[in-house]
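Colleague: The following block contains the structure, expressed as structure tokens.
Read-outs throughout are calculated quantities, based only on the coordinates presented, and are distinct from any laboratory measurement. As the structure is a computational prediction, the values presented were derived from the model and not from experiment. Note that each Cβ is placed from the backbone with ideal geometry, even for glycine, and that neighbours are counted across all protein chains shown.
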Amino acid sequence: MSDPVLEATQRRLSEQRFHDEQAAERAASFRAGRADLRFEDAAFLDHETWIRPAFEMLGNLRGKCVLDYGCGHGMAAITLARAGATVTAFDLSPGYVQEAEERSLANGVTVHGLVADGESLPFADATFDAVWGNAILHHLDWSIAGPELYRVLKPGGVAVFCEPWGGNPLLRFARRFLPYPGKDRTPDERPLQPSDIPPMRQIFPDLHVRGFQLFGMLRRVWPNRTFARTLDGIDRRLLTAMPFLENRCRYVVLTLTKS
């Protein structure tokens, strides 16, 4: 008989190893001068089509306490701090927390980083005005992580998550079988599915979902800037006219408000 606690522990350790290895590779590139910890906000906000619109859903951040939930390389945390927020950034990977802290020093802002698990947050109730996360919820058990997220948000607080979406059968096939740049992922992760949304709404009834990159996902096959802009223009028109097509998009932005 399987042991759910043991399986969860093994999953977390596997995730931690995977991301520590990625962080170590990035650290080596910084030491060798192949990459720079410093960056302009636009380099982060515009590196994918959903990032800037998702950031706008957080509202005015000046003077707010904000949590970067699964901070990874820390670029979001620095962008949040530059917007005037008091930022706490956590990740399961010690390597990525270290990178986020080094990046904050290099960019002249303050970010409090710590190693933590999204399914057991080390924060008091109602600590944060807003929460940001990018490609993190689909790694977690929502039945555990959801109540924790709700607990640490202040009443009226908003959480915004950008997540890979599994509503397109052709994209599911490509993710499983076809090679393309940036495909690295952990063994246990899977994109969010339409069936994941109802359990989320049980905890956050005020939940909104918006899809991004319908035809735009083809940029992964041919990363040409003009081609990408053309695809994005097609997507804007199609998704405005036929919002039901958002279920076939590559990514979704989830906005969850603690009523």
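Colleague: Please check: in the Gaussian network model of the chain (C-alpha springs, under 10 Å), which one of ALA100, ALA126, ALA85 has the largest mean-square fluctuation.
Modeller: ALA126
Colleague: With point charges of +1 on the Cβ of Lys and Arg and -1 on the Cβ of Asp and Glu, referenced to the Cα centre of the chain, which listed residue (LEU37, PRO243, VAL131) lies farthest in the positive direction of the dipole?
Modeller: Result: PRO243, furthest along the dipole toward the positive end.
Colleague: I need two numbers for the chain: Rg to one decimal and Dmax as a whole number, Cα atoms only, in Å.
Modeller: 18.1, 54
Colleague: Now, a different point. Dimensions of segment 78-187 along principal axes (Cα, Å, largest first)?
Modeller: 42, 34, 24
Colleague: OK, next. For the chain, what is the mean residue ellipticity at 222 nm derived from helices alone (per DSSP H run of n ≥ 4: -39500 (n - 2.57); sum divided by total residues; nearest 500 deg cm²/dmol)?
Modeller: -12500 deg cm²/dmol
Colleague: What's the ranking of 17-26, 210-219, 89-98 by average number of surrounding C-beta atoms within 10 Å, highest first?
Modeller: On the way: 17-26: 15.9, 210-219: 20.6, 89-98: 22.9.
Ranking, from highest mean packing down: 89-98, 210-219, 17-26.
Colleague: To the nearest 0.05, what FRET efficiency results for ASN60 and PHE244 with a Förster distance of 41 Å applied to their C-beta separation?
Modeller: Calculated transfer efficiency: 0.80.
Colleague: Give, as ranges by residue number, the residues of segment 240-259 whose backbone N falls under 13 Å from the point 7 Å along Cα→Cβ of PHE227.
Modeller: Zone members listed by number: none at all.
Colleague: Explain nothing, just the number: dipole magnitude of segment 4-257 about its Cα centre with +1 on each Lys and Arg Cβ and -1 on each Asp and Glu Cβ, in debye rounded to the nearest 20.
Modeller: Magnitude of the dipole: close to 940 debye.
Colleague: What is the extension gain from HIS208 to TYR150, computed as 0.36 nm multiplied by their sequence separation minus the C-alpha to C-alpha distance, in nm to one decimal?
Modeller: 19.3 nm
Colleague: Quick check: residue separation of THR110 and ARG237 times 0.36 nm, minus the Cα distance between them. What number comes out in nm?
Modeller: Length difference between fully extended and current span is 41.7 nm.
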